[in-house]
1. Pull up region 126-176, narrow it to residues that are β-branched (Val, Ile, Thr) and in contact (Cβ under 8 Å) with a residue 40 or more places away in the chain, then point me to the one that is nearest to Thr58 (Cα to Cα).
2. Out of the residues in region 106-130 that are more than 15 Å from the chain's Cα centre (by Cα) and of a type outside the set (Ser, Thr, Tyr), which is farthest from Ile92 (Cα to Cα)?
3. Considering region 203-214 alone, what residues qualify as being in a helix (DSSP H, G or I) and surrounded by 13 or more Cβ atoms within 10 Å (Cβ to Cβ)?
4. If a residue must be free of Cβ contacts under 8 Å to residues at least 40 places away in the same chain and touching a Cys at 6+ places or on another chain (Cβ under 6 Å), how many such residues does region 52-92 contain?
5. Checking the condition out of contact with any Lys or Arg (no Cβ under 6 Å at 6 or more places or on another chain), closer than 20 Å to Leu220 by Cβ and not in a helix (DSSP H, G or I), which residue from Pro157, Pro183 passes?
6. Every residue in region 93-105 that is within 21 Å of Trp163 (Cα to Cα) and free of Cβ contacts under 8 Å to residues at least 60 places away in the same chain, please.
7. Name the residues in region 55-84 that are β-branched (Val, Ile, Thr) and touching a strand residue (DSSP E or B) at 6+ places or on another chain (Cβ under 8 Å), would you?
8. Is there a residue in region 221-232 that is in a helix (DSSP H, G or I), under 30 Å from Trp128 (Cβ atoms) and among the hydrophobic types (A, V, I, L, M, F, W, C)?
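The values are calculated or read from the model by the stated rules, or taken from the named source; none is laboratory data. Since we're looking at a predicted model, the values are computed, not measured. Neighbour counts run over all protein chains shown; Cβ positions are idealised from the backbone, glycine included.
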Amino acid sequence: MLPECLVEDCPVIRLDTGETGWQLERLNFKAEGTGCPDMTACSQQTNWLKQATSRIKTHWLLKMLGTTGYMTFFMMGYFWLLKHPMFPVTVIPVTSLDRLISFQPWCIVPYASLWLYISLVPLLFRSWRELAPYLSAVTVLSLAGFSIFLFWPTAIPKLDIDWARYPSVAFLKSVDASGNACPSLHVAFAVLTGIWLRRLLKQMRTPISLRVLNICWCVLIAYSTLATKQHVALDLVSGAALGLCVTMLFLHILPSLGVVRGTVESE
């Protein structure tokens, strides 16, 4: 039995006989409910899901362990620099934007979601050819941020907020103190992930709604760095600039020079 969308919505061919001989008549049936206007559209609706499922299943355990391991090593370097500044710590000044955005405890959720967001990109890779440029980009981004933190340690000003009233945020403050502030690597990695994920979603021809969701997620993570008072506006701007520069380097500049091969394989 054919799927409902193929029976009700897709074009069919009817053979008709008459005095003039055989005739072919193309009929388009439109169902009142949701459906596919033609067989091509019907196929496209499920094709991206098949692609995504296939990509996720490919070496899924290796990708999961690799991502977890990489994040662990990143955290080790990040927190060592945070707790052992080698030079005087510079306090980044607040701006009018920081005064405008109040402390919003709920933003701890999108702030913490960065680690899930980052994991989506390697999860959708199918081969080392796709992974290598991305792995190089996140490594360069990490090393650039660590180098800045090493020679120019920074922090945000102390705020007059009773963190004990907000247990989840208080835990964040106890683990991730307000150092390693500028540039915000939280924002830098969100920007890199957003651009790389947009490229993958476009290549898989996903619905526009998913691409919009990707942009919104990236922006919300960046906003959460200010709303949780983990960073100030100058940290956000410099982090976004760092993430954009590194991403463009590996997605456009180096490939155009022939240094890096294509970052997304065609289906």
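1. Here the answer is Val138.
2. That would be Arg126.
3. Gln203, Leu210, Arg211, Leu213, Asn214
4. The qualifying residues number 0.
5. Working: Pro157 fails: closer than 20 Å to Leu220 by Cβ.
Answer to the selection: Pro183.
6. Arg99, Leu100
7. Passing the criteria: none in range.
8. yes
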